[in-house]
Structures are given as structure tokens and as C-alpha cells.
Amino acid sequence: MRMSRIVRTAADILFPAILIFGLYIVAHGHLTPGGGFQGGAVIATGGALVIVAFSYKEVTEWLSKNVLMGQEVTGLVGFIGVGLLALAFGQVFFFNYLANSGSLFGIPVPYGINAGELNTAGVIPLMNFAVGIEVWGGLTIVILYLLSGLEKEGC
Amino acid sequence: MKKMLVVGTSLLILAAFFGVMAMTFSFGSPKMTDMDDYFLKNGQEQTGSNNECTAVVFDFRGFDTLGESTVLFCAIIGVALMFRKMQGGEEYEDE
Amino acid sequence: MLWNLPFITVVVLTFIGLVTVLLKKNIIKILLGINILESAVNLFIVALGYRVGGVAPIFTLAPSELMVLPTPQALVLTSIVIGVATSALVLSFAMVLQKKYGTVDIDKIRRLNG
């Protein structure tokens, strides 16, 4: 059932902030604590807030399940594709072919304690994005399916 | 009565085993650290990332992460399969 | 004896989880016992890799150069995600069982229906 006007307004204001914070945790996975799985779980929690504040009947009108399933599949296929692309460079499966190389994410890192730079770690940020998108789509679709099995729509 | 006896005896044996383990393990000085010393010394230069945990999860042990992503994907497919609607309006096949 | 406190906590949590799984009759309570067991095992693996006076194994603005071991933390990351997958599947089973049998008591769900 729909919650009151205060709860709906608060959910509308909070969801973009939660989304940007979760994407920050995913993108800086090689510099600060975090990574793909943790950031994806944070964004799925924001999605659960929106689903609870607006009732389930309204949310299924503009959030289709096929799009979320496609998002989850894209995440897993992207993760395997980044690993298979190393075979085209002549190395083994899952080799880090972009680290210390000078192209996309490849600046070498000085040894020891330093302040951290975003452009550095090679294949690892691409893998972080793929896993973050997979966990976001997967956990949101589990919440939607568990809500669709309830009988009387008073809950 | 017999079930309580079996459960009680097995819990007593487990209690002895775990009690010995809790008393004799030393907390704060791990015994064999050769692999982790290599990861901490050479990880920053070979992978180029500042975070050693992420370097171990995604670069040195990438196969475990591939297996874990596949397990999560299969579990979500299983949840989606339990709530299907067949044609004719009936739910949860074999009705 | 108090310097071993993480391992004693592991033993207490294992016993609580094991007694709940073996002796309760409701599916939801058995699922909570499985979750407690999983937390005990994860705590044990992380507590094995601690060095006295060490900091987190991250080189960005670290306070010192003595770090804890990073490999057990990688294994525990995988284990937590598998626990989430198991819990989601058991919850969906419980919903379908309640719709077909009318109850979630495992003593009354005996025969295959249909």
C-alpha cells in the first residue's frame, strides 16, 4: 500500500544520492575499501527503498522485469568477455594486459604509501563495473519476484 | 528420548573438539605467511592497484570470483523459476 | 584465556546455530540457524589472519607498513555472497510450500503432493 506523502518525498530525494554514493564505491574499488559486490549491494538497497515507499502495483508499471534481467546477464557476459579478450593479446585467460602499459588504465604506480590515482589499475576497474551491474540487477529482481507471490494486495 | 540422547552425545564430542581448538590457537601471530608476504611485497608493482584485497580477489585469484558470479546468477535464475505463471492462468506448474 | 576471545566467540556461535538447525520445527527458524552458522565460519576465517599491530592492507595513505594478511579476506567475500544466494532460494521455497500445504511446519509436510 502507498505510504504517506512525507515518506514518498523523502524516497524521491534520497534515491539519487544513494545511487551516486554506490557508483563511487564501485568506481574507486582499487584505491579505497570497496569494489564491485559492496557497491552493487548499496545501490540495490536504494532500489528497495523506492519499492517499499511506492506500492508494488505502481512500481511494476514503470519498472519492467525484463530490463533488470537483461542488466544482470550483461554484467556476467561483460565479466567473462574482459577475461577472454586477453587471449587475443597472446597471453593466458584473465591476464592483466592493461597494467603498466600506458594506454587506457595503465599508469605505473610508485612503490610504498602514496595518495592514489584513478588511472592506474588495468583490467580491475572494468571488472568492478561488470560485477556491480550484475549484483544491482540481481538483488532488485529477487525483491520484485518475492513481492509478486503475495496473494492479497493489502501488503 | 532416543533422539535427545543422540543429539546430546554428538554435541558433547563437538564441545570437546572445539574446546581444545579455542584454547590452543594463538591469536595474532599466524604460522605460515609465505604466500601473503609475496602478495604484499610484489602486488603493487605487478597489478598497479593500491588496494591489496581487490588485487587478490580480481587478479591473483580471478577464477574464484568467476565461480562466485556464476553461483549468484544461478541462484537468481532459480528464484525467478519458482514464480512462473503457466498458460491458462494456473500458477506453479504441476497443479 | 581472554586473549583468545574471537575463537571462543566462534565456538559459542557454532553451538547456537547447530542447536537451532537440529531442534526447531519451523522452516524460517531453521533458515536463521543456517545464517548464524555461516557468520561463525566467516568470523573464524577472518580471525586467522590477524597480525598484532597491523593495519588494513591498503597502500593509500596508510599509517604504517605492517599489514594483516589479505588472502582470508578474499575468501570471506566469496562466502558471504554464497550465503546471500542460499537464503534467497530457501525463502522462495518457503513461500511456495506455504501456498501448497497451508503450513510451514516440517512435521506436517510429509508426502509429495499431486
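The values are calculated or read from the model by the stated rules, or taken from the named source; none is laboratory data. Everything numeric here is computed off the predicted structure, so don't read it as measured data. Positions of Cβ are generated from backbone atoms using ideal geometry, with glycine treated the same way; all protein chains shown enter the neighbour counts.
Kindly establish whether C:V55 is among the hydrophobic types (A, V, I, L, M, F, W, C), closer than 20 Å to B:P30 by Cα, more than 10 Å from chain B (Cβ to nearest Cβ) and free of Cβ contacts under 8 Å to residues at least 24 places away in the same chain.
yes
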ask   = Any idea which of A:V142, A:V50, A:V82 is closer than 20 Å to A:L31 by Cβ and in contact with a helix residue (DSSP H, G or I) (Cβ under 6 Å, 6 or more places away or on another chain)?
value = A:V82
Residue check, B:A22 at the interface with chain C (Cβ under 8 Å from one of its Cβ atoms) and modelled with pLDDT under 80 = yes
inquiry  = So, B:A55, is that one within 24 Å of the chain's Cα centre (by Cα) and either more than 7 Å from every other protein chain (Cβ to nearest Cβ) or small (G, A, S) (or both) or not?
reply    = yes
Breaking point among (1) surrounded by fewer than 20 Cβ atoms within 10 Å (Cβ to Cβ); (2) in contact with an Asp or Glu (Cβ under 6 Å, 6 or more places away or on another chain), for A:L147 = (2)
inquiry  = Can you tell me which condition C:L48 does not meet? The list is (1) within 11 Å of another protein chain (Cβ to nearest Cβ); (2) touching a Ser or Thr at 6+ places or on another chain (Cβ under 6 Å), and all the others hold.
reply    = (2)
request  = Give the number of residues within the stretch A:46-61 that are closer than 15 Å to A:P16 by Cα and not aliphatic (A, V, I, L, M).
outcome  = 2
key: Pairs with Cβ under 8 Å, 6+ apart, first in the stretch A:3-29 and under 24 Å from A:S55 (Cα atoms), second modelled with pLDDT under 95 and basic (K, R)   = A:R8/A:R2
query = List the pairs whose first member sits in the stretch C:65-79 and is within 7 Å of another protein chain (Cβ to nearest Cβ), whose second member is buried (at least 18 other Cβ atoms within 10 Å of the Cβ) and small (G, A, S), and whose Cβ atoms are under 9 Å apart, counting only residues at least 6 apart or on separate chains?
reply = C:L69/C:G49; C:P70/B:G43; C:P70/B:A55; C:P70/C:G49; C:T71/C:G49; C:Q73/C:G49; C:L77/A:G35
